[in-house]
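Visitor: The structure is given below, and queries will be raised subsequently.
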Amino acid sequence: MIYFDKVSKHYNNRNSIAIEDVTFQVAPREFVSIVGHSGAGKTTLLKMLIAEDRPTAGQVFFESLDVHQIPRTKLPKYRRKIGTVFQDFKLLSHKTAFENIAFAMEANGRSDEEIEENVPQALALVDLEPKAWNFPWELSGGEKQRVAIARAIVNQPDIIIADEPTGNLDPIATYEVVQILKKINDLGTTVIMTTHNKGVIDELGRRVITMDEGRIVRDDVEGTYSL
Amino acid sequence: MLTSFKRVMKAGFVGFWRNAFVSISAIFVMVVTLFVVGSVMMVDKLLGAALENVQSQVDINVYMAVEAEESDIMQLKTILQALPEVREIVYTSREDALQSFTERYRGDETIMRGLEEIGENPLRASLSIRAFQTGQYQGIDSFLREQRATEDLQNPLIDELNFPRNQEAIDRLTAIIGAVENFSFVAMIVLVIASVLITFNTIRLAIYTTRDEISVMRLVGASNSFIRGPFMLQGIMYGVVAGVIALAMMYPIIVSIGPQTEMFFGFNLYNYFVNDFVNIFLILVGSGVALGLVSSVSAVARYLKV
């Protein structure tokens, strides 16, 4: 489903290497964790996938589509196939939880009826129905991240990308967020997550790709966190 | 398409209310700009009216000799009329002059008695000549002087030309008004440019605070026009609100100085404001809308690059 073919990314000169000769693929319905130290190239990898960043060499495919050949005007449509979750949540601060989730659907051109129907479902999936009309500053870190996940899944994307989704959360919130991601994966959505958190990886027991200095050093089907 | 448009409109209005502080500061700066633009229009109109007023009072009066025949005067009038500089010639016969003289001094017995003692009409017929532009009087004056030089000294037609007496004052006044108009024009251009730049920067700053949000919108797959739309609508709303406020601020000022402008410039600014209100409204609100729109589009454009 996703295929990275000998992808490299250098900044400014060859001395500053973000990722180097990375090749791997992700099958549909997989739950893949990417682990590694800060600066190992995890986030760069995800940015390539959503066409926020271009590789210096190599190609990234989404199904049969070469991601970096997509014309600029078609990018919004491509990005709608991918739900994104970030460490810092990236919610729209002047919109309520409900509106944040609805916005992703509006941007997608979905009808008001669909929005009225799907947003509460997404909120129910992350267990946040009572907070639908709260603004982000009225929510805890874990609640904000759950809103962000609801927003990522509401358009039924083919794949969820989560970049350090638990990085800012306490252990309980971390557990809840990982459980939700697992549930989403069980419902059939591919999940790619980067993390630092050993507990999360060991608890998941799914595929782990380990990166170091821009290269893939391990790729285990049922991996644990080992650096 | 229609749903998107509806959503963009709604997002624009909601953004306008929820970012009230930003909206207020942008509107405030734009009110100042538009107030300056409006004042430029008013002052320009006043100075133009003042210049026209002074110029319309300028003319050459040619006083004919008491003995001059009316047919000779008419002949001179026809010659003068043929000059390209001449716009209008008003002939006042001796009888007309006497009539307006007696009307003016009816209440003044001394003068009326003096007039009676003279017995006959002592007043001269005259031609009042008006040119198209003040600069053309010199030419008309020279022409009349040449005309007088060729006349029979025993039996002259032209008795007196009054232009040389006013000439200096008229020239000076014209120069002063011209200079004031030029100066005020330059000063206002500078003011307008300054306020436009401030408005532009205020709106850019306002949008700078939402740059993170714009990146989020792009990440959830919003198209550029969908992101830009609400900001454009907000820019338009800033312009409309600021234009209306600027007009509302100008109104009491213009009401209070209306009578003075009538006295001073012979031009009632209040009447102009009321009669031409639709134009003034369209110019002010239109420039506000254009300013808001251009500022927000250019500000958002920076954050829409992939």
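The values are calculated or read from the model by the stated rules, or taken from the named source; none is laboratory data. No experiment lies behind these values; they were computed from the predicted model shown. So basically every Cβ, Gly included, is an ideal-geometry build from the backbone, and we count neighbours across all protein chains shown.
Visitor: Residue B:256: away from chain A (no Cβ under 14 Å), loosely packed, with under 14 Cβ neighbours inside 10 Å and among the hydroxyl-bearing types (Ser, Thr, Tyr), yes or no?
Guide: yes
Visitor: When you go through A:56, A:84 one by one, which is the residue that is hydroxyl-bearing (Ser, Thr, Tyr) and surrounded by 21 or more Cβ atoms within 10 Å (Cβ to Cβ)?
Guide: Residue meeting the stated conditions: A:84.
Visitor: If the requirement is being within 17 Å of residue B:296 (Cβ to Cβ) and of a type in the set (D, E, K, R), which of these qualifies: B:18, B:7?
Guide: Sole residue among the options that is within 17 Å of residue B:296 (Cβ to Cβ) and of a type in the set (D, E, K, R): B:18.
Visitor: Condition first: in a helix (DSSP H, G or I) and farther than 25 Å from residue B:128 by Cα. Now tell me which residues in the stretch B:93-110 satisfy that.
Guide: Residues satisfying the conditions are B:109, B:110.
Visitor: Right, next: So which residues in the stretch A:82-98 are more than 8 Å from chain B (Cβ to nearest Cβ) and not aliphatic (A, V, I, L, M)?
Guide: Within the stretch A:82-98, A:83, A:86, A:87, A:88, A:89, A:95, A:96, A:98 meet the criteria.
Visitor: Of these, B:14, B:8, B:22, which one is over 32 Å from the mean Cα position of the chain (by Cα), within 28 Å of residue B:250 (Cβ to Cβ) and within 13 Å of another protein chain (Cβ to nearest Cβ)?
Guide: Selected residue: B:22, the only one of B:14, B:8, B:22 that is over 32 Å from the mean Cα position of the chain (by Cα), within 28 Å of residue B:250 (Cβ to Cβ) and within 13 Å of another protein chain (Cβ to nearest Cβ).
Visitor: So how many residues does the stretch B:199-216 have that are modelled with pLDDT of 80 or more and within 21 Å of residue B:20 (Cβ to Cβ)?
Guide: 2
Visitor: Would you mind finding the one in B:94, B:106, B:87 that is touching a strand residue (DSSP E or B) at 6+ places or on another chain (Cβ under 8 Å) and not acidic (Asp, Glu)?
Guide: B:87
Visitor: Any chance the stretch B:50-67 includes a residue that's surrounded by 13 or more Cβ atoms within 10 Å (Cβ to Cβ), in contact with a Phe, Trp or Tyr (Cβ under 6 Å, 6 or more places away or on another chain) and either more than 14 Å from chain A (Cβ to nearest Cβ) or of a type in the set (S, T, N, Q) (or both)?
Guide: Yes; the residues of the stretch B:50-67 include at least one that is surrounded by 13 or more Cβ atoms within 10 Å (Cβ to Cβ), in contact with a Phe, Trp or Tyr (Cβ under 6 Å, 6 or more places away or on another chain) and either more than 14 Å from chain A (Cβ to nearest Cβ) or of a type in the set (S, T, N, Q) (or both).
Visitor: Let me confirm something: among A:173, A:150, which residue is in a helix (DSSP H, G or I), of a type in the set (A, V, I, L, M, F, W, C) and within 14 Å of chain B (Cβ to nearest Cβ)?
Guide: Of the residues listed, the single one that is in a helix (DSSP H, G or I), of a type in the set (A, V, I, L, M, F, W, C) and within 14 Å of chain B (Cβ to nearest Cβ) is A:150.
Visitor: In the stretch A:87-114, how many residues are of a type in the set (Asp, Glu) and closer than 15 Å to residue B:212 by Cα?
Guide: Matching residues across the stretch A:87-114 total 1.
Visitor: Among the candidates A:92, A:75, single out the residue that is assigned to a loop (DSSP other than H, G, I, E, B) and surrounded by 15 or more Cβ atoms within 10 Å (Cβ to Cβ).
Guide: Residue meeting the stated conditions: A:92.
Visitor: Give the stretch A:119-130 a look and list any residue that's touching a helix residue (DSSP H, G or I) at 6+ places or on another chain (Cβ under 6 Å) and either among the hydrophobic types (A, V, I, L, M, F, W, C) or at pLDDT 95 or above (or both), or say none.
Guide: Within the stretch A:119-130, A:119, A:122, A:123, A:126, A:128 qualify.
Visitor: Take the conditions closer than 30 Å to residue B:261 by Cα and in contact with a helix residue (DSSP H, G or I) (Cβ under 9 Å, 6 or more places away or on another chain) and apply them to residue B:130. Does it pass?
Guide: Yes, satisfied.
Visitor: Next up: Tally up the residues in the stretch B:113-137 that are surrounded by 13 or more Cβ atoms within 10 Å (Cβ to Cβ) and under 26 Å from residue B:174 (Cα atoms), please.
Guide: Selection size over the stretch B:113-137: 9.
Visitor: Residues in the stretch A:12-66 that are of a type in the set (A, V, I, L, M) and without any contact (Cβ under 8 Å) to a residue 24 or more places away in the chain: how many?
Guide: Counting residues in the stretch A:12-66 that are of a type in the set (A, V, I, L, M) and without any contact (Cβ under 8 Å) to a residue 24 or more places away in the chain gives 1.
Visitor: Only one residue in B:92, B:110 is surrounded by fewer than 13 Cβ atoms within 10 Å (Cβ to Cβ), over 25 Å from the mean Cα position of the chain (by Cα) and among the β-branched types (Val, Ile, Thr), so which one is that?
Guide: Result of the check over B:92, B:110: B:110.
Visitor: Here's something else I'd like to know. Quick check: is even one residue across the stretch B:71-84 surrounded by 17 or more Cβ atoms within 10 Å (Cβ to Cβ) and in a loop (DSSP other than H, G, I, E, B)?
Guide: no
Yes or no, residue by residue, for (1) crowded, with 22+ Cβ neighbours inside 10 Å; (2) basic (Lys, Arg):
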| site | (1), (2) |
| --- | --- |
| A:145 | yes, no |
| A:148 | yes, no |
| A:153 | yes, no |
| A:176 | no, no |
| A:185 | no, no |
| A:190 | no, no |
| A:194 | yes, no |
| A:198 | no, yes |
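Visitor: Output the residues belonging to the stretch B:191-212 that are buried (at least 20 other Cβ atoms within 10 Å of the Cβ) and over 40 Å from the mean Cα position of the chain (by Cα).
Guide: Correct list: B:210 only.
Visitor: In the set B:273, B:226, B:231, which member is touching a residue at least 60 places away in the same chain (Cβ under 8 Å), within 17 Å of the chain's Cα centre (by Cα), assigned to a helix (DSSP H, G or I) and surrounded by 20 or more Cβ atoms within 10 Å (Cβ to Cβ)?
Guide: The match here is B:273.
Visitor: Could you please find all residues in the stretch A:25-53 being part of a strand (DSSP E or B) and surrounded by fewer than 16 Cβ atoms within 10 Å (Cβ to Cβ)?
Guide: Scanning the stretch A:25-53 gives a single hit, A:25.
Visitor: Determine whether the stretch A:109-116 contains at least one residue that is touching a residue at least 40 places away in the same chain (Cβ under 8 Å), in contact with a Pro (Cβ under 9 Å, 6 or more places away or on another chain), assigned to a loop (DSSP other than H, G, I, E, B) and facing chain B (nearest Cβ under 9 Å).
Guide: Checked against the condition, which is being touching a residue at least 40 places away in the same chain (Cβ under 8 Å), in contact with a Pro (Cβ under 9 Å, 6 or more places away or on another chain), assigned to a loop (DSSP other than H, G, I, E, B) and facing chain B (nearest Cβ under 9 Å), the stretch A:109-116 yields no hits at all.
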